[in-house]
1. Each residue of the stretch 44-55 in turn: what ³J(HN,Hα) in whole Hz from Karplus with 6.51, -1.76, 1.60 and θ = phi - 60°, glycine and Pro shown as x?
2. Magnitude of the Cβ-charge dipole of the chain, K/R +1 and D/E -1, about the Cα centre, nearest 20 debye?
3. How many angstrom lie between the C-alpha centres of the stretch 97-129 and the stretch 39-81?
4. Multiply the residue separation of LEU14 and ALA60 by 0.36 nm, subtract the distance between their alpha-carbon atoms, and state the gained length in nm to one decimal.
5. Return the calculated 222 nm mean residue ellipticity for the chain, to the nearest 500 deg cm²/dmol, obtained by summing -39500 (n - 2.57) across DSSP H runs with n ≥ 4 and dividing by the residue count.
6. What list of ³J(HN,Hα) couplings, whole Hz, do you get for the stretch 7-17 from phi and the Karplus terms 6.51, -1.76, 1.60, once you set θ to phi - 60° and write x for glycine and proline?
7. Tell me the relative contact order for the stretch 4-125 as a rounded percent, counting alpha carbon contacts under 8 Å between residues six or more apart.
8. Determine, from the Cβ-Cβ distance of ASN67 and ASN3 and an R0 of 30 Å, the FRET efficiency 1/(1 + (r/R0)^6), rounded to the nearest 0.05.
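Every number in this text was worked out from the coordinates using simple rules, so none of it is lab data. These figures come from a predicted structure and were not determined experimentally. Here Cβ is always computed from backbone atoms with ideal geometry, including for glycine, and neighbour counts include all displayed protein chains.
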Amino acid sequence: MGNDLFETFDNGFLRLPQSTTEFADISWADHPSFEGVALKHIVSAKDTAGQFSYHLVRIAPGKSILNHIHEAQLETHEVIAGSGICINGSAAIPYEPGVISVMPAGVPHEVNAGSNGLFLFAKFMPALC
């Protein structure tokens, strides 16, 4: 699943006035429910008093984040690399680099990676974790 843009993002930085966090220092974690999905928690609820969270998401080729709902969070996806399909409510949205998708709280959605995998920057308001 090598992709130059995603590799650059994966080794990026969170720069705040008081600190810098290197993404390379943050470990990938397997998603607890979806096989072939890994997360890198860039900004978590503890960093923002629960207001928002940011996550890099890596979905292996042919794998999926199956249909689910976040009752309290608005979720956004920014597609960094790869391809796939997001089922957002009843709409099938093609995912390719440069696409941004928004899932309001309470809307069922799923994400299916294509043959090259899929790499997303996901944001949740309020924070997911």
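1. Working through the residues one at a time gives 10, 4, 5, 7, 10, 6, x, 6, 7, 9, 10, 9 Hz.
2. Details: 6 positive and 13 negative charges, 34 e Å.
That gives a dipole near 160 debye.
3. For the stretch 97-129 versus the stretch 39-81, the Cα centre distance is 6 Å.
4. On the way: separation 46, 0.36 × 46 = 16.56 nm, distance 2.49 nm.
The span from LEU14 to ALA60 would gain 14.1 nm if fully extended.
5. Numbers: 2 runs with 11 residues, N = 129.
It lands at -2000 deg cm²/dmol.
6. 4, 4, 5, 4, 10, x, 9, 9, 10, 10, x
7. Details: 291 pairs, mean separation 31.8, N = 122.
Averaging sequence separation for qualifying contacts and normalising by length gives 26 percent for the stretch 4-125.
8. Details: r = 26 Å, r/R0 = 0.88.
According to the calculation, E is roughly 0.70.
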